[in-house]
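To start, the structure itself, in structure tokens.
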Amino acid sequence: MTWRPPDPSTRIKVLSQVGLSTPHFAPMVFLPNSTRRFAFNRADHVGSFLRPQAVHESRAAFKANSLDAAGLRQVEDAEIDSLVQQERAVGIKSISDGEFRREYFHLDFIEHIQGIKITKNTLGGEKTEATVPTISVVGKLEHVKPIQLADYLFLQERIDPSKSEIVKVAIPSPTMVHFRGGRSSIDLAAYPNLDDFFEDLAAVYRAEIKSLAEAGCTYLQLDDTNLAYLCDLKMREAAAGRGEDLNTLPRQYAQLINSALRDRPAGMTVGIHLCRGNFRSRHFAEGGYEPIAQVLFQELDVDVYFLEFDTERAGTFEPLRFLPKGEKVVTLGLVSSKVPQLESKDFIKARIAEAAKFAPLEQLALSPQCGFSSTVHGNEITIEDQWAKMRLVHEIAQEVWGST
């Protein structure tokens, strides 16, 4: 594939329509021998950060009808402005809005897809009593309007390209619409044939990615719990009980994601994050990547993999042997976002060295294993812990690779 940068004229047109100034593009860093020509950082993060008290208070006021949507967004804007400064202070180059505008990493996006209904939303109350909301397909799926565009444009105006900063946009993987419910959660009248469902779902994502690409987005991350869940014995048994073929489902999901990414422009880096659950420091699955490794690394058309490796729940590094040599990057999630204890540099460096036995060091990078706040509740650590973890990631990356 011949690399070319995004067309600035298209992006300038979109920005001018919303009253924003002409953009500048950040320089990119590439793997030296990759034909994919994508940008990545040796030190990165998964996307979400702990919500400040002002965001929690404004969300409560909004739900109580004492603050309107415009007022809520004004508070979010101010807190995201502050977050950008905090990210910059610890050396983050892939700037995120911390998902401050979301309650859940996935539902706040998925609910905007026409034809989807979300019910049984009971993640409040006691952590051990929480249940996962139900996603149902009740009609034909359509992308009726851009979902992340306004949030992207807001953040794009706040980065500093002269410091090699770039906006990182994280959205849920399309598999999130299917896995939990399977066939029974998809209206039979709307989709008697599941092939049509998967094609319409991919088309929704293609439309969303197109809107972001035309605005200048060059770094997109898909958040996917389900490929990781297919590494867990109990989750696999439950999926089989729903009638799924475990021999074909990982490849079917890879094909779905590839179809969603089919029209992405050259110059857009796409990462995927696999997660075994991250609700208030709680996990939901365990098991190494071996059951999906070959499909994951060799058939999924993404550039960067953000993979959990912070505990034994994620298994060994051996599945990294399937990573195509010289072509893609695995960002090792070795620093835990779930616990406040700060890992030792020597321990993390030793883990990186162990991983490098199965994949070249130049194809590895470092991040926390997940976000710090996959839902609005956040993990059971402090904001100070969060930034200490990110400083650690950047210091180690500098010492191991010489750059971030």
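The values are calculated or read from the model by the stated rules, or taken from the named source; none is laboratory data. Computed from a predicted model, the values in this text were never measured in an experiment. Methodologically, a virtual Cβ is constructed for each residue, glycine included, from the backbone with ideal geometry; neighbour enumeration extends over all protein chains shown. Only protein heavy atoms, including side chains, enter the accessible area calculation; ligands, DNA and RNA are left aside. Shrake-Rupley method; radii C 1.70, N 1.55, O 1.52, S 1.80 Å.
Miscellaneous remarks
- Scanning the range 158-182 for residues that are open to solvent by 70 Å² or more (accessible area, probe 1.4 Å) and within 25 Å of residue 105 (Cβ to Cβ) yields a total of 2.
- The listed residue being touching a residue at least 24 places away in the same chain (Cβ under 8 Å) and either touching a Cys at 6+ places or on another chain (Cβ under 6 Å) or aromatic (Phe, Trp, Tyr) (or both), out of 62, 105: 105
- Flag not set for residue 284, criterion: crowded, with 17+ Cβ neighbours inside 10 Å and either among the β-branched types (Val, Ile, Thr) or at pLDDT below 95 (or both).
- Qualifying residue in the range 308-328 (condition: farther than 20 Å from residue 292 by Cα and of a type in the set (Asp, Glu)): no
- Some residue of the range 215-233 being surrounded by fewer than 23 Cβ atoms within 10 Å (Cβ to Cβ), more than 18 Å from the chain's Cα centre (by Cα), part of a helix (DSSP H, G or I) and not aliphatic (A, V, I, L, M): no
- Residue 243 more than 19 Å from residue 335 (Cβ to Cβ), open to solvent by 10 Å² or more (accessible area, probe 1.4 Å) and in contact (Cβ under 8 Å) with a residue 24 or more places away in the chain: yes
- Test for residue 251: is it in a helix (DSSP H, G or I) and closer than 27 Å to residue 287 by Cβ: yes
- The one condition from (1) of a type outside the set (Gly, Ala, Ser); (2) at pLDDT below 65; (3) open to solvent by less than 80 Å² (accessible area, probe 1.4 Å) that residue 40 does not meet is (2).
- Set 186, 209: member being modelled with pLDDT under 95, touching a helix residue (DSSP H, G or I) at 6+ places or on another chain (Cβ under 8 Å) and open to solvent by less than 50 Å² (accessible area, probe 1.4 Å): 186
- Within the range 34-51, residues that are more than 20 Å from residue 171 (Cβ to Cβ) have Cβ atoms under 9 Å from residues that are part of a loop (DSSP other than H, G, I, E, B) and among the basic types (Lys, Arg) in these pairs: 34/328; 36/328; 37/4; 43/93, counting only partners at least 6 apart in sequence or on another chain.
- Yes/no for residue 95 being in contact with a helix residue (DSSP H, G or I) (Cβ under 8 Å, 6 or more places away or on another chain) and modelled with pLDDT under 95: no
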